[in-house]
Amino acid sequence: MTVLRSFLFYGVIIASVISFISLFDQGLAMTISGFLGGGLLILAMVFSGSLNSGDRMRANYSRENYKERNERFKMTEACLKLGLPSLALCTLLYLIGT
């Protein structure tokens, strides 16, 4: 039952709840899914270190050990898997609405 513990599964559940909200108010659902997906995407970029300069990334890479790096990559992956279904729903709601 590893599928039930997957962050992608939880992201799809959150997106389905937001799509249920869109039956009543599409603008609210698009706002919620956009902020949630965008916020999680920004968190993923922060955790991955992609917002740092090259010198800072090199310094962080040489300072951290293997365990810390794997933990950081797992947090990045979790944020991406949680946020992508919400961003896809936001895009879909935007395309349907226009």
Estimated Rh, the chain: Kirkwood, alpha-carbon pairs, angstrom: 14.7 Å
Would you work out which of I42, F24, N70 lies farthest towards the positive end of the dipole of the chain? Charges go on Cβ: Lys and Arg +1, Asp and Glu -1. N70
With everything on Cα atoms, drop me the angle between helix 54-63 and the longest principal axis of the chain, reported from 0 to 90° to the nearest 10. 70 degrees
Tell me, what % of the accessible area of the stretch 1-81 is carbon and sulfur with a 1.4 angstrom probe? 68 percent
Would you be so kind as to identify which of L80, L93, N60 lies farthest towards the positive end of the dipole of the stretch 59-98, taking Lys and Arg as +1 and Asp and Glu as -1 on Cβ and the Cα centre as origin? N60
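The values are calculated or read from the model by the stated rules, or taken from the named source; none is laboratory data. Note that the structure is a prediction, hence the values are computed from the model and not measured. Methodologically, a virtual Cβ is constructed for each residue, glycine included, from the backbone with ideal geometry; neighbour enumeration extends over all protein chains shown. Accessible surface areas use protein heavy atoms only, side chains included; no ligands, DNA or RNA. Shrake-Rupley method; radii C 1.70, N 1.55, O 1.52, S 1.80 Å.
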